[in-house]
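The numbers here are math on the coordinates, done by the rules we state, and not lab data. This structure is a prediction, so every number in the text was calculated from the model and none was measured. When we count neighbours, we look across all protein chains shown, and the Cβ atoms used for this are built from the backbone with ideal geometry, even at glycine.
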Amino acid sequence: MTLKQLEAFYWAATAASFLVAAQRLHISQSTLSKRIGELEAQLRTTLFNRGGHRAALTEAGEQLLPLARRMLELSEDMRDQLAAGGGVRGLCRFGVGELAALTWLPDLVSHAAAKYPELRLEPCVDLGSALEQRLESGELDFAVVAGHSTRGAIASEAIAQVRFCWAASPALVGRRRAVDAALLERHALITQPGAAGPTRMLEHWLALNGLQAPRRLVCNNLAAIASLIASGVGIGLYPRGWFRRMAARRAVVELRGPQPLPALQYTFQHRRDDHRALLTRLRELVRETVDFDKSGPLWGG
């Protein structure tokens, strides 16, 4: 019995499919199946029922899973304590939203490269709901997204808050600064898709204040939304850090609603059954680098 065989079994048992498990281990699906077969031969038992649409654990497989997890965690602990660089190496796939990608993601990648030279990062930028699904299926190691996950298999830890404000081109709104029914009827409200964290927060705010936005322009690119607002196509939300820089250029002005927009909580999410030292190290690094107000090259920073 080898660690590679136990690793193949563990990821095959916890990932969405053998294909996803093989991708996580950077091996072919046939190699994954071979290692599991070798483990079954050594244990003289069947670990998976392979007859259905998705391979399911047998009773023996269910018994082995927590034991395999403990063995892999012990191996991880040994590397963490004895290996140079804390044993953090290999490939880490993780997800972030677009706001993170446009602000602090470059810092995270560069700091990780300096601190853990044997670690290779592969970021995925997408909406939070899509990232949570990929995280639960085993495709990602962690994700930093807006809000807490409602999925039982995913743990969420608060990592940062982001403040948004209403913004518009001064040429579009003139002297009007109040976000009210008349303004929303006159101008298009530019937002991300409904599954995006800022949009969910905005919809709640509108409902709380008894407002509707009959004219909508939905765009899946945050930088494009900022440009559309500054160009006078419609009104919308800016992250507070972005607004300060654009307002300094007199490209946008702040609008005021009946009450302030609530802060949007961002969380570090990972699978509850994943206790690798890698996640502890990366969570610490995210805490050190996260800054949603950071200026980037797109904003003249």
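Rounded to the nearest 20 debye, the dipole magnitude of the range 164-262 is 360 debye, with +1 charges on Lys and Arg beta carbons, -1 on Asp and Glu beta carbons, and the Cα centre as origin. Relative contact order for the range 3-82: 29 percent, from Cα pairs under 8 Å spaced at least 6 residues apart, divided by residue count. Our summary gives the range 27-72 a relative contact order of 22 percent, counting only alpha carbon pairs under 8 angstrom and 6 or more residues apart. Within the range 164-262, DSSP assigns beta bridges of which about 55% are antiparallel (rounded to the nearest 5). Given R₀ = 51 Å, what would the calculated FRET efficiency be for residue 275 paired with residue 163, taking r from the Cβ atoms and rounding to 0.05? E(calc), rounded to 0.05, equals 0.95. Calculated mean residue ellipticity, 222 nm, the chain: -13500 deg cm²/dmol, from DSSP H runs (n ≥ 4) at -39500 (n - 2.57) each, averaged per residue and rounded to 500.
Between residue 204 and residue 73, full extension at 0.36 nm per residue minus the direct alpha carbon distance yields a gain of 43.0 nm. Modelled spin-label separation between residue 293 and residue 244, with each label point placed 7 Å from Cα along the Cα-to-Cβ direction: 0.4 nm. Cα centroids of the range 119-169 and the range 22-67: 30 Å apart. Taking the chain as a Gaussian network, where each spring joins two C-alpha atoms under 10 Å apart, which residue of 165, 92, 219 fluctuates the most? Looking only at 165, 92, 219, the largest GNM fluctuation is found for 219. Projecting the Cα positions of 46, 114, 194 onto the charge dipole of the chain (unit charges on Cβ atoms of Lys, Arg, Asp and Glu, taken about the Cα centre) puts 194 furthest along the positive direction. Overall, the range 3-82 carries a charge dipole of about 280 debye about its Cα centre when +1 sits on the Cβ of Lys and Arg and -1 on the Cβ of Asp and Glu, all other atoms neutral. For the chain, the Kirkwood estimate of the hydrodynamic radius, built from every pair of different alpha carbons, is 21.6 Å. With the charge dipole of the chain set up from +1 on Lys and Arg Cβ and -1 on Asp and Glu Cβ about the Cα centre, the Cα lying farthest toward the positive end among the listed residues 17, 170, 75 is that of 170. Between 0 and 90 degrees, the angle of helix 59-82 with respect to the longest Cα principal axis of the chain falls at about 70 degrees. Taking all Cα pairs closer than 8 Å and separated by 6 or more residues, the relative contact order of the chain comes to 22 percent. About the centre of its Cα atoms, the chain shows a dipole size close to 940 debye [charges on the beta carbon of Lys, Arg (+1) and Asp, Glu (-1) only; nearest 20 debye].
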